[in-house]
1. Collect residues whose amide H, placed 1.01 Å from N in the peptide plane, falls under 5 Å from the amide H of Leu97; neighbours closer than 5 in sequence don't count.
2. With springs only between Cα atoms under 10 Å, which of Gln156, Gln42, Gln57 fluctuates most in a Gaussian network model of the chain?
3. Whose amide H sits under 5 Å from the amide H of Gly131, counting only residues 5 or more places off or on another chain, with H placed in the peptide plane?
4. Grab the other residues whose beta carbon is less than 9 angstrom from that of Pro299, score K and R as +1, D and E as -1, and report the net.
5. Does the range 13-216 classify as rounded, prolate or oblate by the C-alpha gyration tensor (a ≥ b ≥ c root eigenvalues; a/c under 1.5 gives rounded; else a/b over b/c gives prolate, otherwise oblate)?
6. What lysines sit close enough to Lys201 to cross-link, taking a C-alpha to C-alpha distance under 28 Å and skipping anything fewer than 8 places away on the same chain?
7. Express as a percent, rounded to the nearest 5, the fraction of DSSP beta bridges in the chain (both residues included) that run antiparallel.
8. Please report the relative contact order for the chain, taking Cα pairs under 8 Å with a sequence separation of at least 6, and give it as a percent rounded to a whole number.
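Every number in this text was worked out from the coordinates using simple rules, so none of it is lab data. These numbers come from a predicted model, not from an experiment. Note that each Cβ is placed from the backbone with ideal geometry, even for glycine, and that neighbours are counted across all protein chains shown.
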Amino acid sequence: MKFVGTLQLPGDKSISHRAIMLSAIADGVSYVRNLNDGADLQSTINILKQCGASIEQRNNEIIIDGKELQSPTKELDCGNSGTTTRLIAGLLASQKLTFSLIGDESLSKRPMERIIRPLKEMGCKISSNNGLLPLSIDASGGISSLDFDMKIASAQVKSSILFSALGGNNVSSINEIIPTRNHSEIMLNNMGALIERKGDKIVVHPLKSKLKSIDISVPSDPSSSAFFAGLAVISNNSKLKLTNVLLNESRIGFVEVLKRMNCLVKKSNESIHNGEKVGDLTFRSSNLKAIEVESKIIPSIIDEIPILAVIAAFAKGTTVFNNVEELKYKECDRLSAIIHNLKAFGIKTYENNNNLFVEGGRIKKMAEITTFDDHRIAMAFTILSLNSFKKYKLDNKKCVDISLPNFFKYLGEVTK
């Protein structure tokens, strides 16, 4: 079986969330095309509508008419989306609203103390379930300035603080020693906010006037692209071209990792749209070698580690992913989920001091994929099983809808 063709995947999930949220508080009408079509984005849209936002879908375009948001009358359901939860908390706090956030069983196990602490320091009154959802937040007393040291490399935490600081009474700053994806900073500056980077420090000036509306076509999601990159490089006689992909340096760490693993990768047609680098990526069948992935790279590839671990299973030697503890706090404990599924397919793998070791070798046996209801685990191991056995079996096929509902359709389009 080989995989050949060209795909344009749906819009980047991170940029889609931010475009909808920030447009909802902007001045005038914004237009967003190629929005990510996953369930997480619907959670964000539904929450904003409950707060009085005007959001209309017309063909492949979302039209947002910026309004004064209002405190909702009901709890806001974030579904399975950690991005929705943490970013909407900051956004609604900036508008000095009172609201409660809930989520599904999986989301309700994910740590929220990481946003509770800074938001409390900014003046929000917050109650929680021992640092977990549900969260009740009262920002009606206003937002104070903050100088915050990021202990955890998290773009969600950073963005929550950035959004909240827009409504602050003075300049705030975030000390970010390990850089994380910077879509919030890029989009806010494009919309007229003043966000400055001074070494490790990000300085946020409160808004003096409303954000400017935007007209944006969201580039394809690199995290979704990574699964098809993986399919191409581990399969014989395969070549896949992915067009209009987001090439932000903080998001394509996985491409650099693949290059170090001796993968054949080519960038082309690079350009800048709305402050973000965009272009095409082509991946070919490759003779893979094991590498050591350093701790400093992990934040830029955290969502791609499931598929990178699958790719490592086909490499010569033992690949090491250092300091991947943050995987334990995703939609599931992804570190355990990766190890469980690799072992089920006969690959030797283990964890030691939060480092993941994958010994490349032959996939020994067909196994049912245990998804743990996690979309990235489901897609990564579908790639492994499809390559090795021309078929796959999942305990929950539906969970891919969180980020890429047409995943299986795209697979069909490139299977030869």
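1. Ala139
2. Gln57
3. Counting only residues 5 or more places away or on other chains, the set is empty.
4. Numbers: positive: Arg181, Lys296; negative: Glu326.
Combined, the nearby Lys, Arg, Asp and Glu give +1.
5. Values: a/c = 1.38, a/b = 1.10, b/c = 1.26.
Since a/c stays below 1.5, the shape of the range 13-216 is classed as rounded.
6. Within the straight-line limit of under 28 Å, Lys201 reaches these lysines: Lys13, Lys96, Lys120, Lys125, Lys151, Lys158, Lys210, Lys212, Lys277, Lys296, Lys328, Lys330.
7. Values: 50 of 69 bridges.
Around 70 percent antiparallel, to the nearest 5.
8. Worked out over the chain, it gives 16 percent.
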